[in-house]
Amino acid sequence: MDKIVIEGGRRLEGEVTIAGAKNASLPAFAATLLCPGPFTFTNVPDLKDIDTIIALLKDLGAAITRPEKGVVVVDTAGLKSYEASYDLVRTMRASCLVMGPLLARMGKARVSHPGGCAIGERPINLHLKGFGAMGAHTALDEGYVNITANDGLHGAKIYFDIVTVTGTANVMMAALAAEGATTLENCAREPEVVFLADMLVRMGADIKGAGTDRIVITGGRPLKAVETAIIPDRIETGTFIAAAAITGGSLRINRCNPADFEAVTIKFIEMGCTITEGNGWIEVSGPKRPAAVDIETAPHPSFPTDMQAQAMAVLAVADGTSVIHESVFENRYMHVAELRRLGADIRMKGANAFVHGVPGLSGATVMATDLRASASLIVAGLAAKGKTSVRRVYHLDRGYERIEEKLKKTGARISRQPDK
């Protein structure tokens, strides 16, 4: 097991290049189950979660090659199983994304129940409700969800009680096999959902409305394999914006899509950052000291919950008091205790965090509790005086491709070391 060690207090300056988005890659890889390949994916990030979805697809019978860095070829012509085992699903909750395409192609799916997660409950009941509305039967058996559609699927009108990204993606893929039109209401509008829909349309699907809260899918169209470039990771982009903001640095962030994270840039401009955007790039200059701002997380296009922890790290050294309201995940404040170890003054009351900015942070040994919490501790450590050691960075490796190497190129004194 590794740790990240940071000697803080250095201003960042230079350029970084953003990797492909994990949250776009996973549903796109699951979509290969809808028809035989070969599907070719480019700009694929080198992450633990990508290794997990590849292992899962191989277990189902897919042939997968990685001819060069960032390229993955998937062919599910030899699909032999409809069961996603516990050993694979337990390591990555997004494995449940195979339910929809397996149901569409094979008429059945058996997937280990993913349960909750460290940052809060993310139940799959909305996925199953959608499948059921289209005529599928679901049953829980020894920790597995069995889904069958012996008489096929039919179009339906489906309303998601809460906005769900994976639920929207899963039900949208299953609806491709339904006879007639399926209308999804209160859909997720995230760029990753739009990316998946665009890929499915190029495969031959009839999908309208992606990017709005109402998506209409007309099923029964023949599908074919396509080549797809994974979109840039907007959360990695936001994390580097936070790194520039907290160090008073100046970064040019390449291979990104500024339109995908406008709510983030608006808040960092309020903190005092100077931000310039272009086609596929963004330049950020941080202030001498950030200004306090209030943030409320909500589904896209609002401020993303996946940026809450990184923003809190910056606001920990802001001039004034900020209020953060987390409306998406009930347990997404586990990084607060660790930021306090670095000297942050944060008081909690229900879903609200009151962040009283301090003049500076001090290095300490801290423990990552989840993916975005680990990123927030890296961001905080960049500004903290002295040495910060971030332990349990296997969380970090699920969603960031060698972030320490990218930060080192911009002037950070940072290294990965064995955690004995």
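The values are calculated or read from the model by the stated rules, or taken from the named source; none is laboratory data. Model, not experiment: these values are computed from the prediction. Heads up, the Cβs are rebuilt from the backbone with ideal geometry, glycines too, and the neighbour counts pull from every protein chain shown.
Quick notes on this one:
- Scanning the stretch 1-38 for residues that are in a loop (DSSP other than H, G, I, E, B), aliphatic (A, V, I, L, M) and farther than 30 Å from residue 360 by Cβ turns up 19, 21.
- Residues being among the hydroxyl-bearing types (Ser, Thr, Tyr), in contact (Cβ under 8 Å) with a residue 24 or more places away in the chain and crowded, with 23+ Cβ neighbours inside 10 Å are represented in the stretch 65-77 by at least one member.
- The residues of the stretch 390-411 that are closer than 21 Å to residue 43 by Cβ and without any contact (Cβ under 8 Å) to a residue 40 or more places away in the chain amount to a single one, 405.
- Test set (1) in a loop (DSSP other than H, G, I, E, B); (2) hydroxyl-bearing (Ser, Thr, Tyr); (3) closer than 21 Å to residue 187 by Cα - residue 95 fails condition number: (1)
- Residue 170 vs. criteria without any contact (Cβ under 8 Å) to a residue 60 or more places away in the chain and either in contact with a Leu (Cβ under 7 Å, 6 or more places away or on another chain) or outside the structural domain of residue 328 (by TED's automatic domain parsing) (or both): no
- The stretch 129-163 - residue that is among the aliphatic types (A, V, I, L, M) and surrounded by 21 or more Cβ atoms within 10 Å (Cβ to Cβ) and, of those, nearest to residue 328 (Cα to Cα): 158
- Within the stretch 164-190, the set of residues being over 19 Å from residue 149 (Cβ atoms), out of contact with any Lys or Arg (no Cβ under 8 Å at 6 or more places or on another chain) and hydrophobic (A, V, I, L, M, F, W, C) comprises 165, 188.
- Breaking point among (1) touching a residue at least 60 places away in the same chain (Cβ under 8 Å); (2) part of a helix (DSSP H, G or I), for residue 41: (2)
- Listed by first and then second residue, the pairs linking a residue in the stretch 341-353 that is within 18 Å of residue 367 (Cα to Cα) to a residue that is assigned to a loop (DSSP other than H, G, I, E, B) and among the aromatic types (Phe, Trp, Tyr), with Cβ atoms under 9 Å apart and 6 or more places separating them unless they lie on different chains, are 346/333.
- Verdict on residue 387 being under 23 Å from residue 20 (Cα atoms) and in contact (Cβ under 8 Å) with a residue 60 or more places away in the chain: no
- Summed over the stretch 299-317, the residues that are in contact with a His (Cβ under 9 Å, 6 or more places away or on another chain) and not in a helix (DSSP H, G or I) give a count of 1.
- Condition broken by residue 61, with the remaining ones in (1) touching a Lys or Arg at 6+ places or on another chain (Cβ under 8 Å); (2) closer than 29 Å to residue 103 by Cβ; (3) crowded, with 16+ Cβ neighbours inside 10 Å satisfied: (3)
- Screening residue 46 on (1) more than 15 Å from the chain's Cα centre (by Cα); (2) surrounded by fewer than 17 Cβ atoms within 10 Å (Cβ to Cβ); (3) not β-branched (Val, Ile, Thr) shows it passes everything except condition (1).
- Residue within the stretch 108-115 that is hydroxyl-bearing (Ser, Thr, Tyr), farther than 20 Å from residue 56 by Cα and surrounded by 18 or more Cβ atoms within 10 Å (Cβ to Cβ) present: no
- Unmet requirement for residue 264, which otherwise passes all of (1) farther than 21 Å from residue 395 by Cα; (2) without any contact (Cβ under 8 Å) to a residue 12 or more places away in the chain; (3) assigned to a helix (DSSP H, G or I): (2)
- Given (1) in contact with a Phe, Trp or Tyr (Cβ under 8 Å, 6 or more places away or on another chain); (2) polar (S, T, N, Q); (3) closer than 27 Å to residue 179 by Cβ, index of the condition residue 125 fails: (1)
- Residue among 249, 278 that alone is more than 20 Å from residue 380 (Cα to Cα), of a type outside the set (Phe, Trp, Tyr) and either assigned by TED's automatic domain parsing to the domain that holds residue 375 or surrounded by fewer than 21 Cβ atoms within 10 Å (Cβ to Cβ) (or both): 278
- Of all residues in the stretch 63-92, those being of a type in the set (A, V, I, L, M, F, W, C) and assigned to a helix (DSSP H, G or I) number 2.
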